[in-house]
Number of protein chains: 2
Amino acid sequence: MGVVVQKYGGSSVSDAAAVKRVAQRIVRTVQAGNQVCVVVSAMGDTTDELLDLAEQITPTPPGRELDMLLTAGERISMAVLAMAIANLGHEARSFTGSQAGVITDSSHGRARIIDVTPGRIRTAMDEGAIAIVAGFQGVSQDTKDITTLGRGGSDTTAVALAAALDADVCEIYTDVDGVFTADPRIVHSARRLGAVTYEEMLELAASGAKILHLRCVEYARRYGIPVHVRSSFSDRPGTTVAGSIDDLPEADMEQAIIAGVAHDRSEAKITVVGVPDVPGKAAAIFNEVARAGVNIDMIVQNVSQAQTGLTDVSFTLPKTDGAMAMNVLQVAQSTIGFARLQYDDQIGKVSLVGAGMRSHPGVSATFFGALAEAGVNIDVISTSEIRISVVTHADKVDTAVRAVHTAFELDADQVEAVVYGGTGR
Amino acid sequence: MGVVVQKYGGSSVSDAAAVKRVAQRIVRTVQAGNQVCVVVSAMGDTTDELLDLAEQITPTPPGRELDMLLTAGERISMAVLAMAIANLGHEARSFTGSQAGVITDSSHGRARIIDVTPGRIRTAMDEGAIAIVAGFQGVSQDTKDITTLGRGGSDTTAVALAAALDADVCEIYTDVDGVFTADPRIVHSARRLGAVTYEEMLELAASGAKILHLRCVEYARRYGIPVHVRSSFSDRPGTTVAGSIDDLPEADMEQAIIAGVAHDRSEAKITVVGVPDVPGKAAAIFNEVARAGVNIDMIVQNVSQAQTGLTDVSFTLPKTDGAMAMNVLQVAQSTIGFARLQYDDQIGKVSLVGAGMRSHPGVSATFFGALAEAGVNIDVISTSEIRISVVTHADKVDTAVRAVHTAFELDADQVEAVVYGGTGR
């Protein structure tokens, strides 16, 4: 008998009818001879509605109370899902994050999982019941207060439970058929990837692919949990994320070189102009930004001009942190001694990801060639062993993604991507 | 420093504006030098909306899951109330029933409180925070599952916490100014009672007065907790419920004899016709009904007819249990040997309650005289030491209540009852 952990997102349980459909899928998994633990997100727009309610009360709700409020969303969805399963003649028991043993630190709104002690889940499953667990939430080890893991935390809950339960697979159900070679809204001929490695998935997630959260993939890699991303609206196979291509059930030779093209429009670029080119200046800049709690993505430093001894330093960061970073740098201007700051939030990042890059020369040449031919100006370049990323103007992102996708022969013969549902988030 | 427990019902926290108003009242209580623990119900119609959602899923939700679902309502209201208090510059911490130490049996939907261990509440209050507790819910001692106490359970939660915290007073906030001598919707000249004894309040609650639930009053009497029922929409004094008239702050000589007139339209009457008048037949009838879990209110047995040796037995019971009771009796007809059953759900009960009845002769005479003069036919009579109740036709209830209210000179000189709010239940 296998142990399967399934996670259903908000769009998969957007209303009573959707909940019933999910219940049928869960029951089929049980009838196929598995023990099943289900992680569920809040129904449809519930979380946004609860945030709206909080906003009507105060613009600055205490984190502890905001977490208490938001966790009501999963409490509702897990209870009605358990009811829908009961209605099909199977026993289901719902558990809060706390009851399921999801132990976190006490960082409200973005808690990290410290430990998972799923004693009650295991008991429920051993007694023949289906366990339904609230995603996105846990309980603080120190204060015993309710915490949330931040958005996307439900995926992480599912993978963490799969690890703690020694599950055979963690299935992440969503409203698309899996991971595609590019965002199908931009590239209509994007192909579904049958399989992708943790490494590639991490780079895709970090490069803006929204299908799985970085944290969840990191967790899966650390514990070696195979993750199957698929749609709750169809029975099509999805994408398996696992250790290496050899481990993958659906090996797919074309993707041996390139997994896909990701893009990200959520970043901005700050350029610090006229920085004295002496040791310690770059460190001073990034110290200031780090102290403000801002995560930096790409960094580029120009070659210093011989006459002036000055250089420019550019970096990208989430747009949401832009104002904060500009503030702290302006305050530090006289101490660091730069000339001025430039802020640009009309940028986009395009990334090519593939484990095969390591052993296939010429990937960069094809990549930059395709961009040049499409008339895409490149602003910043950054690479890892299995990824090349460029920053360009936001308007050029779609063109760049399509050009690269075609250049690497990733286009499918027919449209593979279907967008389901749409009542949810 | 006093310890005050306050309970706010759903109509007092029907929306964000109402929540903010309640927060101000709580902060004023703190500023007056009190430690405050607040019990809150679900906002406005939340509980009904959650019940509707469950009904869309299945007509027969498992009790465990229905409780899990419904407790989301108080989770939302307590978190936003804590936020609203924080917005006024005071610290508030919300706690689920489980976190507040409300330990119950495992009867889902109608759990009984077994114990209250408010360690976290006391710590929060000792650290200067206002404790906000979810009403209506607890955690099962045996299964550690979430339970609900049934509707009206929030009042009971408040009194139970007041007892456990050794509070000076338990304030129950609602949308009327207190307990009145009759339902102001029927008797416009009803007077607010400044004070009423536990005993009288128990009889009023059992007779249909909806202001406080029987359970809550029983709990308050057992632990000697003074309960102050008042409106969250005004600063008027309400009604204090306490041990005896001498304990009451606002002694009110007129009410020494009669506290008020209550009525109840929620009952039906079953008459078992042609029961052999031999020992054990009444017991057989009520055994059958009791085995079906039906609570009987009033019972009357006619004098047996000499010729036939047969008698009729009538009893009243909640309308909601009517079909069930008729069923079990029909099944037992041949065993018990009665002729037939009559069912009447067009009845109403009118009750006169007052501790002064004990020592004041002539109360019954005035009561029945008033009913006779008003042309009210009496069907069944039942009395306790401090109560007289009659059953009449449902259409005659308003007339009977008004006639009795006037006969005992309970009418106020001017209209005292104000109905506030109206957005809630």
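The values are calculated or read from the model by the stated rules, or taken from the named source; none is laboratory data. Bear in mind that the values here come from a model prediction, so they are computed numbers and not experimental data. Note: ideal-geometry Cβ built from the backbone for every residue, glycine included; neighbour counts use all protein chains shown. Remember, those area values only see protein heavy atoms, side chains included, never the ligands or the DNA or RNA. Shrake-Rupley method; radii C 1.70, N 1.55, O 1.52, S 1.80 Å.
Using the structure shown, decide if B:V176 is farther than 26 Å from A:Q99 by Cα, within 15 Å of the chain's Cα centre (by Cα) and open to solvent by less than 50 Å² (accessible area, probe 1.4 Å).
Numbers: farther than 26 Å from A:Q99 by Cα: yes; within 15 Å of the chain's Cα centre (by Cα): yes; open to solvent by less than 50 Å² (accessible area, probe 1.4 Å): yes.
So B:V176 passes the test.
Checking the structure you have, find out if any residue of region B:160-171 is touching a residue at least 24 places away in the same chain (Cβ under 8 Å) and closer than 18 Å to B:S11 by Cβ. Walk me through how you get there before you give the answer.
Taking region B:160-171 as the starting set, the residues that turn out to be touching a residue at least 24 places away in the same chain (Cβ under 8 Å) are B:160-171.
Checking the rest, the ones that are also closer than 18 Å to B:S11 by Cβ come to B:171.
Yes, region B:160-171 contains at least one residue that is touching a residue at least 24 places away in the same chain (Cβ under 8 Å) and closer than 18 Å to B:S11 by Cβ.
Please enumerate the residues belonging to region A:125-144 that are surrounded by fewer than 24 Cβ atoms within 10 Å (Cβ to Cβ), closer than 18 Å to B:I146 by Cβ and in contact with a strand residue (DSSP E or B) (Cβ under 8 Å, 6 or more places away or on another chain).
Filtering region A:125-144 down to residues surrounded by fewer than 24 Cβ atoms within 10 Å (Cβ to Cβ) leaves A:125-129, A:139-144.
Checking which are closer than 18 Å to B:I146 by Cβ leaves us with A:129, A:139, A:144.
If the condition is that a residue be surrounded by fewer than 24 Cβ atoms within 10 Å (Cβ to Cβ), closer than 18 Å to B:I146 by Cβ and in contact with a strand residue (DSSP E or B) (Cβ under 8 Å, 6 or more places away or on another chain), then A:A129, A:V139 are the ones that fit.
Taking region A:224-263, which residues are polar (S, T, N, Q), modelled with pLDDT of 90 or more and surrounded by 14 or more Cβ atoms within 10 Å (Cβ to Cβ)? Even if it seems obvious, please write down each step before you answer.
Step one: of region A:224-263, the residues polar (S, T, N, Q) are A:231-232, A:234, A:239-240, A:244, A:255.
From what is left, the residues that are modelled with pLDDT of 90 or more are A:231-232, A:234, A:239-240.
Hits for region A:224-263 are A:S231, A:S232, A:T239, A:T240.
What are the residues in region A:265-295 that are over 18 Å from A:V331 (Cβ atoms) and in contact with a helix residue (DSSP H, G or I) (Cβ under 8 Å, 6 or more places away or on another chain), if any?
Of everything in region A:265-295, those that are over 18 Å from A:V331 (Cβ atoms) and in contact with a helix residue (DSSP H, G or I) (Cβ under 8 Å, 6 or more places away or on another chain) turn out to be A:R265, A:S266, A:E267, A:A268, A:N295.
A:I113 is checked against (1) over 20 Å from B:E65 (Cβ atoms); (2) aliphatic (A, V, I, L, M); (3) open to solvent by 50 Å² or more (accessible area, probe 1.4 Å) and fails just one. What number does that condition carry?
Unmet for A:I113, out of (1) over 20 Å from B:E65 (Cβ atoms); (2) aliphatic (A, V, I, L, M); (3) open to solvent by 50 Å² or more (accessible area, probe 1.4 Å): (3).
Can you tell me which of (1) in contact (Cβ under 8 Å) with a residue 60 or more places away in the chain; (2) among the hydrophobic types (A, V, I, L, M, F, W, C); (3) open to solvent by 30 Å² or more (accessible area, probe 1.4 Å) is the one B:L214 doesn't meet?
Unmet condition: (1).
Give me the strands (runs of 3 or more DSSP E) completely within region A:1-95, filtered to those with at least 2 residues that are under 22 Å from B:E65 (Cα atoms) and without any contact (Cβ under 8 Å) to a residue 40 or more places away in the chain, ordered by residue number. So that I can check it myself, show each step before the final result.
Details: elements: A:2-8, A:34-40, A:92-95.
Once the strands (runs of 3 or more DSSP E) in region A:1-95 are filtered for at least 2 residues that are under 22 Å from B:E65 (Cα atoms) and without any contact (Cβ under 8 Å) to a residue 40 or more places away in the chain, what remains is A:92-95.
Which one of these does B:A129 not meet: (1) free of Cβ contacts under 8 Å to residues at least 60 places away in the same chain; (2) within 11 Å of another protein chain (Cβ to nearest Cβ); (3) touching a helix residue (DSSP H, G or I) at 6+ places or on another chain (Cβ under 6 Å)?
With respect to (1) free of Cβ contacts under 8 Å to residues at least 60 places away in the same chain; (2) within 11 Å of another protein chain (Cβ to nearest Cβ); (3) touching a helix residue (DSSP H, G or I) at 6+ places or on another chain (Cβ under 6 Å), B:A129 is out only on (3).
Out of the residues in region B:17-27 meeting the condition of being open to solvent by 10 Å² or more (accessible area, probe 1.4 Å) and within 13 Å of another protein chain (Cβ to nearest Cβ), tell me which one is nearest to the chain's Cα centre (by Cα).
The residue in question is B:R21.
Take the conditions more than 8 Å from every other protein chain (Cβ to nearest Cβ) and modelled with pLDDT under 95 and apply them to A:R112. Does it pass? Lay out the reasoning, then the answer.
On the way: more than 8 Å from every other protein chain (Cβ to nearest Cβ): yes; modelled with pLDDT under 95: yes.
In short, yes.
Return the only residue of A:G119, A:G152 being touching a residue at least 12 places away in the same chain (Cβ under 8 Å), open to solvent by 10 Å² or more (accessible area, probe 1.4 Å), among the small types (G, A, S) and within 14 Å of chain B (Cβ to nearest Cβ). Give the steps one after another, and end with the answer.
Details: A:G152 fails: within 14 Å of chain B (Cβ to nearest Cβ).
Testing whether each residue is touching a residue at least 12 places away in the same chain (Cβ under 8 Å), open to solvent by 10 Å² or more (accessible area, probe 1.4 Å), among the small types (G, A, S) and within 14 Å of chain B (Cβ to nearest Cβ) leaves just A:G119.
Any residue that is open to solvent by less than 30 Å² (accessible area, probe 1.4 Å), within 14 Å of another protein chain (Cβ to nearest Cβ) and of a type outside the set (F, W, Y) - is there at least one of those in region B:5-13? Before the answer, list the steps.
Taking region B:5-13 and keeping what is open to solvent by less than 30 Å² (accessible area, probe 1.4 Å), we get B:5-13.
Imposing the further condition that a residue be within 14 Å of another protein chain (Cβ to nearest Cβ) reduces the set to B:13.
Those still in the list that are of a type outside the set (F, W, Y) too: B:13.
Yes, the conditions are met somewhere in region B:5-13.
Output the helices (runs of 4 or more DSSP H) that fall wholly within region A:331-425 and possess 1 or more residues being in contact with a helix residue (DSSP H, G or I) (Cβ under 7 Å, 6 or more places away or on another chain), open to solvent by less than 60 Å² (accessible area, probe 1.4 Å) and closer than 22 Å to A:G194 by Cβ, or say none.
Values: elements: A:333-336, A:363-373, A:397-407.
Hits in region A:331-425: A:363-373, A:397-407.
Among the residues in region A:98-105, are any within 11 Å of another protein chain (Cβ to nearest Cβ) and at pLDDT 95 or above? Show your work before the answer.
Step one: of region A:98-105, the residues within 11 Å of another protein chain (Cβ to nearest Cβ) are A:98-99.
From the residues that got through so far, the ones that are at pLDDT 95 or above too are A:98-99.
Yes, region A:98-105 has at least one match.
Since A:E74 meets every condition but one in (1) charged (D, E, K, R); (2) within 11 Å of chain B (Cβ to nearest Cβ); (3) touching a Ser or Thr at 6+ places or on another chain (Cβ under 9 Å); (4) open to solvent by 10 Å² or more (accessible area, probe 1.4 Å), which condition does it not meet?
Checking A:E74 against (1) charged (D, E, K, R); (2) within 11 Å of chain B (Cβ to nearest Cβ); (3) touching a Ser or Thr at 6+ places or on another chain (Cβ under 9 Å); (4) open to solvent by 10 Å² or more (accessible area, probe 1.4 Å), the one that fails is (4).
I'm checking my understanding of the structure. Among residues of region A:223-246 that are charged (D, E, K, R) and free of Cβ contacts under 8 Å to residues at least 24 places away in the same chain, which one is farthest from A:V350 (Cα to Cα)? Give the steps one after another, and end with the answer.
First pass over region A:223-246, keeping only residues charged (D, E, K, R): A:230, A:235-236, A:246.
If we keep only those that are free of Cβ contacts under 8 Å to residues at least 24 places away in the same chain too, we end up with A:235, A:246.
On the way: A:D235: 31, A:D246: 28 Å.
Selected residue: A:D235.
Could you tell me whether region A:280-294 includes any residue that is modelled with pLDDT of 90 or more, charged (D, E, K, R) and within 25 Å of A:K396 (Cα to Cα)?
Checked region A:280-294: no residue is modelled with pLDDT of 90 or more, charged (D, E, K, R) and within 25 Å of A:K396 (Cα to Cα).
Every residue in region A:101-110 that is surrounded by fewer than 22 Cβ atoms within 10 Å (Cβ to Cβ) and assigned to a strand (DSSP E or B), please.
Hit for region A:101-110 is A:I103, nothing else.
Taking the options A:V30, A:V36, name whichever one is more than 13 Å from every other protein chain (Cβ to nearest Cβ), crowded, with 24+ Cβ neighbours inside 10 Å and over 22 Å from the mean Cα position of the chain (by Cα).
Values: A:V30 fails: crowded, with 24+ Cβ neighbours inside 10 Å.
Step by step, each of A:V30, A:V36 is checked, and only A:V36 is more than 13 Å from every other protein chain (Cβ to nearest Cβ), crowded, with 24+ Cβ neighbours inside 10 Å and over 22 Å from the mean Cα position of the chain (by Cα).
Restricting to region B:43-62, what's the tally of residues that are open to solvent by 70 Å² or more (accessible area, probe 1.4 Å) and facing chain A (nearest Cβ under 7 Å)?
Looking only at that region, the number is 1.
Pick from region A:77-95 the residues that are within 8 Å of another protein chain (Cβ to nearest Cβ) and among the polar types (S, T, N, Q): which of them is least open to solvent (accessible area, probe 1.4 Å)?
A:S94
Report, by residue number, each residue of region A:1-13 that is modelled with pLDDT of 95 or more and more than 19 Å from the chain's Cα centre (by Cα).
Passing the criteria: A:V3, A:V4, A:V13.
What pairs can you find where one residue is in region B:323-347 and farther than 10 Å from B:V272 by Cα, the other is hydrophobic (A, V, I, L, M, F, W, C) and part of a helix (DSSP H, G or I), and their Cβ atoms are less than 6 Å apart, with a gap of 6+ or different chains?
Listed pairs, sorted by first residue: B:A325/B:V289; B:I336/B:A284; B:Q346/B:A394; B:I347/B:A394.
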